[in-house]
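The block underneath contains the structure these notes are about, expressed in structure tokens.
The values are calculated or read from the model by the stated rules, or taken from the named source; none is laboratory data. Being a predicted model, the structure only gives us computed values, none of them experimental. Methodologically, a virtual Cβ is constructed for each residue, glycine included, from the backbone with ideal geometry; neighbour enumeration extends over all protein chains shown.
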Amino acid sequence: MQDMSPVRNWLLPTDLTDQASDEDFEPVMAIWPVVAALAWEAQLEHGRGVVVVDDERGVLTFQSGAPCACHDALVAAYNPEREVVVALVCEREHPVFRVLAGWPAPPDAFRITPGARWQLTAH
């Protein structure tokens with residue numbers, strides 16, 4: 001069964017040790033500016049979608065739209081100017097989805113994150 005709860009983490013990278021954080025998503029929040037920048041750029045080019053984080057391989061990609069019908073509402077409801085829908089691929093059978101927000105906001109992250117740091121793909 002996939003975890004589809006829309007938990008919203010509002011964390012600065014320095015807040016990752018807080019009890020309020022989701023341990024599975026700490027690595028994602030640690031690279032938040034890159035995740036947010038990718039989400040914003042891809043959303044402008046391809047529309048709403050999901051940043052897929054393969055934590056084992058260290059790979060980030062963007063998938064346009066929802067990966068399946070069960071996540072349509074999640075992708076339709078997030079605010080791309082403040083939030084990112086993230087699918088974390090790890091040792092589980094299915095990805096874990098969260099709506100995340102952090103600082104800087106996605107548009108600001110896109111403006112300040114050097115493209116050379118990305119090494120990412122958007123589909």
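The set of residues from region 71-91 being of a type outside the set (A, V, I, L, M) and at pLDDT below 90 comprises 90, 91. Select from region 29-48 the residues that are assigned to a loop (DSSP other than H, G, I, E, B) and farther than 17 Å from residue 103 by Cα and write down the one among them that is nearest to the chain's Cα centre (by Cα). So the residue we want is 48.
Output the residue which, of all residues in region 97-123 that are assigned to a strand (DSSP E or B), surrounded by 15 or more Cβ atoms within 10 Å (Cβ to Cβ) and touching a Phe, Trp or Tyr at 6+ places or on another chain (Cβ under 8 Å), is modelled with the lowest pLDDT. Per the stated criteria, the residue is 122.
Taking the stated definitions as given, is residue 51 part of a helix (DSSP H, G or I), buried (at least 19 other Cβ atoms within 10 Å of the Cβ) and free of Cβ contacts under 8 Å to residues at least 40 places away in the same chain? Against the criterion (part of a helix (DSSP H, G or I), buried (at least 19 other Cβ atoms within 10 Å of the Cβ) and free of Cβ contacts under 8 Å to residues at least 40 places away in the same chain), residue 51 does not qualify. Of the residues making up region 55-113, those that are among the small types (Gly, Ala, Ser), more than 19 Å from residue 24 (Cβ to Cβ) and touching a residue at least 40 places away in the same chain (Cβ under 8 Å) are 64, 77, 105, 109.
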